[in-house]
Amino acid sequence: MIPSKEQIRKIALKLGFDACGFTGAESPDTYPNYVDWINNEKHGRMEYLRRHSEKKGDMDKVLPGIKSVISLAISYQIPKPSNQSLENKESSPSRGLIARYARHEDYHDALKKPLEDLCNQLTRLNDKDHRHLAYLDTGPIMERDLAQRAGLGFVGKHTNLINRSLGNWFFIAEILTTLSLEPDEPERNRCGTCTRCLQACPTDAIEAPFKLDARKCISYLTIELKGSIPEALRPAIGNRIFGCDDCLEVCPWNRFAKEGALMKRFRKNDLETPDLIHLLGMDHQTFKSTFAGTPILRSKRKGFLRNVCVALGNTGTREAIPSLEQACMDPEPLIAEHAEWAIERIKSRITKLTSE
Ligand code: B12
Ligand code: SF4
Ligand code: SF4
């Protein structure tokens, strides 16, 4: 017997997922946009996105015999940030800003168990030899586009999926399955004439509605980019040291955002207001133990301290200079180069202030 989609939705919600929708296995209509995006090099150095291109257009190459996609939303909303001024970016000198999703334990690990549980329950519910494959973020899947088709939300002009009750603060996961399940109604775009996210982006990375140049996005520059951050883009990074939420924060659909059950217990409140000078002093061991189990490990010490130098250069005061001078002698050239830049920037700010 094949379980009904309502049975599956009920199980998913009971496991703590915030929303669950269903769609078929056809390639998303927006697939040609993806191919253009890659061909125009908008993905920067994320080469895996080019490698994923063929599979993203044909999910049968990911799960042979695929019939349906079960799309899932998991909220990482943090209710009322305890330090409102930090959400106001540059207003807190010597303090860093970490994107909300990363102020939790790594979602790839945290959500593995509920996804496995859902797959196991699907296996138990049907007597045929069906196969199910769960993904979260890392698979060759156009997650937002499929989720929109499954009725989970709509792709906003900032390119992220918005759900009418969750806002834009949620992850997307999916189970590809050989079960034939009736699709849900797709959601439609509800941005209207709003352009807040385009105006809020500090680097103009959203070049036009629904079109993001990842090479300019602070999330890419502070997480995915492994080498030197282009100097022209460093000032706009402000005190963001891991990811960026600016376009998400201004979205009016967040007024309805609710906290979800699954990520709540993985929140790390100690990552809310990290002291930049303290962070700059971390050796390999301290970096690993401080950020164990969080997405921040992904940037490695050298990428993270590179970001800390940029943030200090943008917002630090005279007090940051001795620590930055120390960082100039770091055996890692990437850190030393960014520390030198930061010292120059702070000094020129001091000179400007004293001459005024
Ligand atoms: C690569 C990647 C990035 C890159 C590129 C971002 C991007 N927008 O593509 C970088 C490193 C910059 C990034 C940043 C972030 N990411 Co990211 N990222 C991905 C990843 C792995 C692939 C995305 C991808 O394929 N992009 C390719 C391009 C072509 O997509 P696109 O620009 O959005 O264009 C598509 C649509 O806009 C649409 N489209 C184009 N034109 C038009 C026109 C109309 C009218 C319509 C309706 C649609 C449409 O078609 C295009 C093709 O799909 C996905 C996971 C996955 N497997 O999907 C997570 C994912 C998108 N990221 C996620 C998150 C949370 C983030 C950050 C918020 C993290 C942070 N706080 O720092 C930021 C947000 C930045 C932003 N404004 O998008 C979540 C988003 C969840 C959600 N609710 O939407 C995802 C889905 C991961 C997950 N499983 O939860 N990310
Ligand atoms: S995450 Fe930040 S840099 Fe990237 S598009 Fe949004 S506002 Fe711009
Ligand atoms: S801020 Fe406005 S334009 Fe941007 S995604 Fe939200 S509703 Fe759409």
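We did not get these values from a lab; they are worked out from the coordinates using the rules stated. What you see is a predicted model, and the numbers here were worked out from it, not measured in a lab. Neighbour counts run over all protein chains shown; Cβ positions are idealised from the backbone, glycine included.
Residue-wise HN-Hα couplings along the range 305-320, as the Karplus relation 6.51 cos²θ - 1.76 cosθ + 1.60 with θ = phi - 60° gives them from phi, are 5, 4, 5, 4, 4, 4, 5, 5, x, 7, 10, x, 10, 3, 4, 7 Hz; Gly and Pro carry x. Using all pairs of distinct alpha-carbon atoms, the Kirkwood hydrodynamic radius of the chain works out to 21.6 angstrom.
Going highest first, how would you order 311-321, 338-348 by mean Cβ packing within 10 Å?
Values: 311-321: 21.2, 338-348: 19.5.
Ranked by mean Cβ neighbours within 10 Å, highest first: 311-321, 338-348.
Would you calculate a helix-derived [θ] at 222 nm for the chain, using -39,500 (n - 2.57) for each DSSP H run of n ≥ 4 and dividing by the full residue count, to the nearest 500? Show your work: numbers first, answer last.
On the way: 15 runs with 124 residues, N = 356.
Computed mean residue ellipticity for the chain: -9500 deg cm²/dmol.
Taking other C-beta atoms within 10 angstrom as a stand-in for reagent exposure, T138, T222 fall in the order T138, T222, fewest first.
When R9, R298 are ordered from fewest to most other Cβ atoms inside 10 Å of their Cβ, what list results?
Numbers: R9 18, R298 15.
Listed from fewest to most nearby Cβ atoms, that is R298, R9.
Looking at the range 143-246, the chymotrypsin sites (Phe, Trp or Tyr not before Pro) that sit in a DSSP loop and have at most 15 other Cβ atoms within 10 Å of their own Cβ are F210.
With both partners inside the chain, how many of the DSSP beta bridges are antiparallel, as a percent to the nearest 5? Percentage antiparallel, nearest 5: 95.
Kindly put M282, M329, M142 in sequence by how many other C-beta atoms sit within 10 Å of each C-beta, fewest to most. Present the calculation step by step, with values, prior to reporting the outcome.
Working: M282 17, M329 9, M142 21.
Neighbour counts put them in this order, fewest first: M329, M282, M142.
Using the average count of surrounding beta-carbon atoms within 10 Å as a protection proxy, the listed peptides 65-71, 113-119 rank, highest first, as 65-71, 113-119.
By the Kirkwood approach, averaging reciprocal distances over each pair of separate Cα atoms, the range 104-215 gets a hydrodynamic radius of 16.1 Å. Cross-linked pairs K56/K113; K10/K258; K216/K302; K226/K352; K5/K264: Cα-Cα separations exceed 23 Å for K56/K113; K226/K352; K5/K264.
Check each of the trypsin sites (Lys or Arg not before Pro) in the range 118-219 and keep only those in coil by DSSP with at most 11 other C-beta atoms within 10 angstrom; list them in order.
Working: sites: R124, K128, R131, R144, R149, K157, R164, R188, R190, R196, K211, R215, K216; in loops: K128, R131, K157, R164, R188, R190.
Sparse-neighbourhood loop trypsin sites (Lys or Arg not before Pro): K128, R188.
Taking each pair of distinct Cα atoms in the range 275-356 once, what is the resulting Kirkwood hydrodynamic radius in Å? One over the average 1/r among Cα pairs gives 12.9 Å for the range 275-356.
Karplus-based coupling profile of the range 218-223, in residue order and whole Hz: 4, 4, 5, 5, 9, 10, with θ = phi - 60° in 6.51 cos²θ - 1.76 cosθ + 1.60 and x standing for Gly or Pro.
Put one equal scatterer on each alpha carbon of the range 5-177, apply the Debye formula with no solvent term, and list log10 I(q)/I(0) at q = 0.08, 0.09, 0.18, 0.19 1/Å to two decimals. Normalising to I(0) and taking log10 leaves -0.29, -0.36, -1.24, -1.34.
GluC sites (Glu not before Pro), restricted to the range 1-57: which are DSSP loop and have at most 16 other Cβ atoms within 10 Å? Filter output for the range 1-57: E26, E41, E47.
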